[in-house]
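The structure under discussion appears below in the form of structure tokens.
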Amino acid sequence: MKIEIGTTLDEFIIRREKNYPDATGDLSKLLRDIGVAAKLINRSVNKAGLVDILGDNGETNIQGETVQKLDDYSNEVLKNYIANGGQLAGFGSEEEDEVVIINTEEGKNAHYVVLFDPLDGSKNIDINASIGTIFSIYKRTDMEETCSLKDFLQKGTEVVAAGYVIYGSSTMMVYSTGNGVNGFTLDPSIGEFCLSHPEMKMNKKGGHYSVNQANYKLFPENVRRYIDYLVDDLDMGMRYIGSMVGDVHRTLLKGGIFMYPPTTSAPSGKLRLLYEAIPMSFLINQAGGKSSMGNASILEINPTELHQRCPVFMGNKDLIETLETQYPTV
Ligand code: AHM
Ligand code: MG
């Protein structure tokens with residue numbers, strides 16, 4: 001059944017759930033809770049220049065980076081909204097050192113775990129550029145066992161749902177439950193996410209390449225040759241915000257390729273496998289594109305650590321296939 005443009009996120013989720021008579025409603029509730037948390041984060045992001053939540057809070061997170069106040073706030077909002085809803089057995093956050101297991105009776109019986117980056121690209125807060133929230137949802141691997149780290153270290157092929165919220169010139173939530181990708185724009189006049197981009201599909205050709213070009217000399221030789229090929233042979237232009245959600249959102253809408261390759265100082269790149277690379281790969285794949293760690297799919301990586309990093313290349317299928325076959329990097 002086709003769902004009309006303008007349908008609210010809640011209505012969309014309810015209608016979609018009807019296609020699955022055995023659904024418990026837990027995944028739907030989780031997605032709706034993420035939608036509500038996103039609206040709260042959006043409210044604060046919009047006020048970032050006005051109230052005293054702009055700037056950093058002086059602490060560093062496990063990655064050794066300065067934590068911005070809005071990172072903290074977004075992390076708290078997501079935790080409170082999704083952890084207390086009764087559908088979650090645990091969650092992991094880029095801003096938390098360890099996974100958090102929910103030890104209530106409801107939590108022990110819950111089927112799902114969530115991983116999120118509460119506010120990605122937060123260095124862009126001060127300059128009013130796009131930032132975003134990224135999330136992925138998995139089912140626990142074994143309901144007979146207590147929820148533990150292994151439930152979070154699952155391959156991208158096991159993702160049940162993933163998406164992002166972009167706080168940009170408008171605020172959008174884009175997500176997939178493995179059945180295509182749909183985008184919802186927040187209508188501030190009614191405070192609802194409304195279906196604006198149904199069944200998103202990547203362009204097969206064209207678009208920009210998106211990379212931190214300042215790192216060019218630090219990239220492996222094949223990555224440098226590949227970038228030269230994009231510029232010299234395909235005549236591609238470059239766009240780079242430095243905010244993964246913004247850069248991937250453009251790639252999803254307009255085509256091209258987004259990459260964060262390894263460098264000599266960061267041999268696994270910068271981006272986190274579980275919080276950033278897998279959820280975005282899942283979406284790009286669902287929209288008909290492809291993602292790679294340089295020589296194989298990101299979705300096939302077996303995670304070993306919660307905060308592990310991995311090289312990221314994602315975009316038009318042809319571009320990724322050329323990378324893997326002609327300019328592979330390990
Ligand atoms: P963050 O999770 O600390 O915000 O860092 C991730 C961000 C991504 O959004 C973006 O793609 C990347 O860092 C940009 O890094 P760089 O400034 O090295 O190009
Ligand atoms: Mg991040």
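Structure above, values below:
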quantity: Any hit, the range 258-265, residues being within 16 Å of ligand 1 (Cβ to nearest atom) and open to solvent by 50 Å² or more (accessible area, probe 1.4 Å); calculated: yes
quantity: Selection from the range 269-294 of residues that are over 16 Å from R309 (Cβ atoms) and open to solvent by 10 Å² or more (accessible area, probe 1.4 Å); calculated: F282, N285, Q286, G288, K290
quantity: Boolean, E145 is within 17 Å of the chain's Cα centre (by Cα), more than 16 Å from ligand 2 (Cβ to nearest atom), open to solvent by 10 Å² or more (accessible area, probe 1.4 Å) and not assigned by TED's automatic domain parsing to the domain that holds V248; calculated: no
quantity: Yes/no for L230 being in contact with a strand residue (DSSP E or B) (Cβ under 7 Å, 6 or more places away or on another chain) and more than 16 Å from ligand 2 (Cβ to nearest atom); calculated: yes
quantity: Output for the range 198-223, where each listed residue is in contact (Cβ under 8 Å) with a residue 40 or more places away in the chain and surrounded by fewer than 17 Cβ atoms within 10 Å (Cβ to Cβ); calculated: P198, K201, K204, K205, G206, N212, L218
quantity: Of all residues in the range 235-252 being over 17 Å from I134 (Cα atoms) and touching a residue at least 24 places away in the same chain (Cβ under 8 Å), the one that is nearest to ligand 1 (Cβ to nearest atom); calculated: Y240
quantity: Cross-chain or 6+ apart pairs with Cβ under 7 Å, the range 28-43 first and over 13 Å from A161 (Cα atoms), then open to solvent by 40 Å² or more (accessible area, probe 1.4 Å); calculated: D33/Y81; V36/Y81; A37/Y81
quantity: Matching residues in the range 96-127 - criterion: being farther than 15 Å from E76 by Cα, within 16 Å of ligand 1 (Cβ to nearest atom) and part of a loop (DSSP other than H, G, I, E, B); calculated: G121
quantity: Matching residues, the range 3-31, being within 16 Å of D187 (Cα to Cα) and surrounded by 14 or more Cβ atoms within 10 Å (Cβ to Cβ); calculated: T7, T8, L9, D10, E11, F12
quantity: Inter-residue pairs, beta-carbon under 7 Å, first of a type in the set (D, E) and in the range 274-287, second within 14 Å of ligand 1 (Cβ to nearest atom) and assigned to a helix (DSSP H, G or I), 6+ apart; calculated: E276/M244
quantity: Residue match in the range 77-84 (condition: in a helix (DSSP H, G or I) and touching a Pro at 6+ places or on another chain (Cβ under 6 Å)); calculated: yes
quantity: Qualifying residue in the range 108-126 (condition: more than 24 Å from E192 (Cα to Cα), among the β-branched types (V, I, T), without any contact (Cβ under 8 Å) to a residue 40 or more places away in the chain and open to solvent by less than 20 Å² (accessible area, probe 1.4 Å)); calculated: yes
quantity: Unmet requirement for N179, which otherwise passes all of (1) assigned to a loop (DSSP other than H, G, I, E, B); (2) modelled with pLDDT of 95 or more; calculated: (2)
quantity: Residues of the range 128-147 satisfying the condition of being in contact with a strand residue (DSSP E or B) (Cβ under 7 Å, 6 or more places away or on another chain) and either in a helix (DSSP H, G or I) or within 26 Å of S28 (Cβ to Cβ) (or both); calculated: G132, T133, I134, F135, S136, I137, Y138, K139, R140, C147
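The values are calculated or read from the model by the stated rules, or taken from the named source; none is laboratory data. Quick caveat, the model's predicted, so the values are computed rather than measured. We place every Cβ from the backbone using ideal geometry, glycine too, and count neighbours over all the protein chains shown. All accessible areas refer to the heavy atoms of the entire protein, side chains included, with ligands and DNA or RNA removed. Shrake-Rupley method; radii C 1.70, N 1.55, O 1.52, S 1.80 Å.
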